[in-house]
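Single-structure report; data block below.
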Amino acid sequence: MLLRIPEALSPAELQRVRDLVENADWVDGSVTAGTQSAQVKNNRQLPEDGEAAREARTLVLDALSRSVLFFSSALPRRIYPPLFNRYGGASNAFGNHIDNAVRTHRASGNHVRTDLSCTLFLTDPGAYEGGELVIEDTFGQQAVKLAAGDMILYPSSSVHRVEPVTRGERFASFFWIESMVREDERRRLLFDLDMSIMSLRQRTAGREDDPEVVRLTGCYHNLMRMWAST
Ligand code: NI
């Protein structure tokens, strides 16, 4: 499932994150690439241990923690601390690859199985040419270029690339999620059920003892009990 999360960052948070990352010192993006992806990766990244990266990362994680849509769709068990990249000039593209299955966070030694990949766009799409995130999967090919502050979640099992940025610069945050529910199809089902229950609750005007709402909410939690690992 491909899911857009609109306005993951508030305008004020977006501005702060942009100020932090745009004024920081950048390094070659191959620092976190695997053997195959290093051959096709040509961008720049913010070093994980810098002060700017630390503060910007905290802002992104805080924003994620209040997003109902993010929680319901990703059911996160572990999140790899968000990273930041930029595409432009001579370092402007990332060819086809599949993200490594397990990322090990160097500072903590924690492993994160990458069930979901996430890109949070930080630059207004009118400010650069190219730079589409192209995701190929069984559902076909999707070219994604979102408003600054919006985020896209996609299965880490997908082949994907970033098209060359031919004008301007494209800044983004990216990270991976290990989900409590490993299988994409199961997560999809739980997400649909959760969203339906939420709108049903609105339609029943908050009558929380509505028998259908009670039973469906029970189904949701019993499926989670069957499928979730914590
Ligand atoms: Ni990737």
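Here, each number is a calculation from the coordinates, and none is a lab measurement. Everything quoted here is computed from the prediction, not taken from an experiment. FYI the Cβ positions are ideal-geometry reconstructions off the backbone, even for glycines, and counts take in every protein chain you see.
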Exercise. Note the direction-averaged projected area, equal to a quarter of the hull surface, for the Cα convex hull of the range 3-179, in nm².
Key: 9.2 nm²
Quiz item: Listed highest first by mean packing, meaning other Cβ atoms within 10 Å per residue, what order do 145-156, 218-229, 190-201, 7-18 come in?
Solution: 145-156, 7-18, 190-201, 218-229
Quiz item: Using a Förster distance of 30 Å, how high is the FRET efficiency between THR58 and THR104, based on the Cβ-Cβ distance and rounded to 0.05?
Solution: 0.90
Self-check item: SER229-GLU136 pseudo-label distance in nm [points 7 Å out on the Cα-to-Cβ vector]
Solution: 3.0 nm
Exercise. In whole angstrom, note down how far apart the Cα centers of the range 92-123 and the range 8-31 are.
Key: 17 Å
Quiz item: Which of ASP19, ASP210, ASP184 moves most in a GNM of the chain, Cα contacts under 10 Å?
Solution: ASP210
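Go ahead and estimate [θ] at 222 nm for the chain from helices alone: -39,500 (n - 2.57) per DSSP H run with n ≥ 4, summed, over the residue count, rounded to 500.
Working: 6 runs with 77 residues, N = 230.
Estimated from H runs of four or more residues: -10500 deg cm²/dmol.
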Quiz item: How far apart, in nm, are two points set 7 Å out from the Cα along the Cα-to-Cβ line at GLU7 and at ASN222?
Solution: 3.8 nm
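From the Cα gyration tensor of the range 184-227, with a ≥ b ≥ c the square roots of its eigenvalues, which class applies: rounded if a/c is under 1.5, or else prolate if a/b is larger than b/c, or else oblate? Don't skip to the end; give the middle numbers.
Values: a/c = 4.09, a/b = 1.75, b/c = 2.34.
Here the range 184-227 falls in the oblate category.
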